[in-house]
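Written below as structure tokens is the structure these notes are about.
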Amino acid sequence: MDTSSPLTGGAVEDSSGVPDVFDPRIYATGIPHDRFRALRDHAPVAWQEEPEILGWPAGSGFWAVTRHADVVRVLKDSGTYSSCLGATQIRDPDPADLPFIRRMMLNQDPPEHGRLRRLVSRAFTPGRIERFGATARDRARQLVMGAVTAGGEVDLVRAVTDDYALLNLTDLLGVPASDRGLLHTWTERVIAYQDPDEPPVLDAAGRPVNPRSPAMLAEMFDYAQELGAYKRKHPADDVMSTLAASELADAELEMFFFLLTVAGNDTVRSAAPGGLLALAEHPDEQSRLWNGEVGIDTAVDELLRVHPPVLSFRRTAAADTRLAGQAIRRGDKVVVFHASANHDERVFPDPHRLDLGRSPNPHVSFGDGPHVCLGAHFARLQLRVLHEEVRRACGGLELAGPPRRLVSNFINGIKSLPVRLREPSAPRA
């Protein structure tokens, strides 16, 4: 039987008949819901091969976890499913790079992880959140009004969401606006490395270099140290001023800057156009939001459920164990798929229906357990403000062409979102 797919460029199934959810090219056409449902129903913990793809070398394979309950179990049980042993990306890092990668909070287990998390949490004060919200609203209003007044067809990614996410991040961190291009370049290098539009950097042997390796992050880390030194002399009301004055070691400050730059930017950068795309594809639900029939906070969570910014995260088994009846050996890679868990029929009635009033809504778009997203509150705040300003400024939005998606099995990114924005029927307060 021919299992190849011209749409995805990869096999629908591997040699064992298990649907493939590893190939990054699959996600260029959207979340592969049919494959995830097959796995949830018949192989909720399924072995996946890691063939050589897009120039990246083959890997050892991993267990794909697709049911909501099992995803939550893995994320909460850091003693059994470690973030530290092999870090959190599907592909294994170079063993020589692993000690370096483990400096990042994301790639640590309790109790070390908890110490760093508590330190950085102090930077997110209530007053800072309130001031940040006001600035984000001004920025959203300016960007959205610019898109509306331009008239006709507009790419919301280029006109609104990319700048909105990036400039909010520079405000939060205290990075000069003139340096935002650097943050964009570094983020693209790390997040879009699987996408053909972002050609990989090759080593002397012609092999792609891991974008999270010390060599690829040296420029960003040098900048972090310069910024930290400046903030110690000229502190301001921003996160880097707080972190630079804390007890963080230099290496820890560098890794926090990396984490906040990449995660802080791309969470909103992916979720914002994803939510707007869902609204454009579901005009009835869009009307409910525009007419005030559903609350904005509830709507934001439903949009996050159907378009999670992160598709997957990896753990490594710290001991022999069993999950959903499947034996897992110590050292095996275990990858949870947020996008599948968010559409598990066992938890979400009619999961493929967009319901902006859905409650309860226990999605895992921001993870769970000790590594639940530190910036989830900031991300929700930015998304709420953006949707409020879009609703205020225009009468609705409709697709003007197909979106272009990121080729990635990690980030659920949208590279282009062409829409037509309708004039408001009456001014909104």
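The values are calculated or read from the model by the stated rules, or taken from the named source; none is laboratory data. No experiment lies behind these values; they were computed from the predicted model shown. Here the Cβ positions follow ideal geometry from the backbone for every residue, glycine too, while neighbour counts run over all protein chains shown. The area values use the complete protein model at the heavy-atom level, side chains included, leaving out ligands, DNA and RNA. Shrake-Rupley method; radii C 1.70, N 1.55, O 1.52, S 1.80 Å.
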Out of curiosity, is Asp237 open to solvent by 50 Å² or more (accessible area, probe 1.4 Å), under 20 Å from Arg131 (Cβ atoms) and in contact (Cβ under 8 Å) with a residue 12 or more places away in the chain?
-> yes
Could you check how many residues of region 297-340 are under 19 Å from Asp41 (Cα atoms) and open to solvent by 40 Å² or more (accessible area, probe 1.4 Å)?
-> 5
Within region 257-279, how many residues turn out to be closer than 12 Å to Leu397 by Cβ and buried (at least 21 other Cβ atoms within 10 Å of the Cβ)?
-> 5
Test result for Arg158, charged (D, E, K, R), part of a helix (DSSP H, G or I) and touching a strand residue (DSSP E or B) at 6+ places or on another chain (Cβ under 8 Å) = yes
Of all residues in region 205-233 being over 24 Å from the mean Cα position of the chain (by Cα) and under 20 Å from Asp92 (Cα atoms), the one that is surrounded by the fewest Cβ atoms within 10 Å (Cβ to Cβ) | Ala205
Sole residue being acidic (Asp, Glu) and in contact with an Asp or Glu (Cβ under 9 Å, 6 or more places away or on another chain), chosen from Asp368, Asp297, Asp344, Asp355 | Asp355
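State yes or no: is Ala58 part of a strand (DSSP E or B) and either at pLDDT 95 or above or of a type outside the set (Val, Ile, Thr) (or both)?
Spelling it out, it is not the case that Ala58 is part of a strand (DSSP E or B) and either at pLDDT 95 or above or of a type outside the set (Val, Ile, Thr) (or both).
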Can you pull out the helices (runs of 4 or more DSSP H) entirely within region 63-127 that have at least 3 residues that are buried (at least 21 other Cβ atoms within 10 Å of the Cβ)?
-> 68-76
Say whether the condition of being open to solvent by 10 Å² or more (accessible area, probe 1.4 Å), β-branched (Val, Ile, Thr), modelled with pLDDT of 95 or more and assigned to a loop (DSSP other than H, G, I, E, B) is met by at least one residue in region 31-46.
-> yes
Given the conditions (1) closer than 26 Å to Phe132 by Cβ; (2) open to solvent by 10 Å² or more (accessible area, probe 1.4 Å); (3) assigned to a loop (DSSP other than H, G, I, E, B); (4) touching a residue at least 24 places away in the same chain (Cβ under 8 Å), and given that Gly292 satisfies all but one, which numbered condition is not satisfied?
-> (4)
In region 250-275, what residues are over 16 Å from the mean Cα position of the chain (by Cα) and among the aliphatic types (A, V, I, L, M)?
-> Ala251, Leu253, Met255
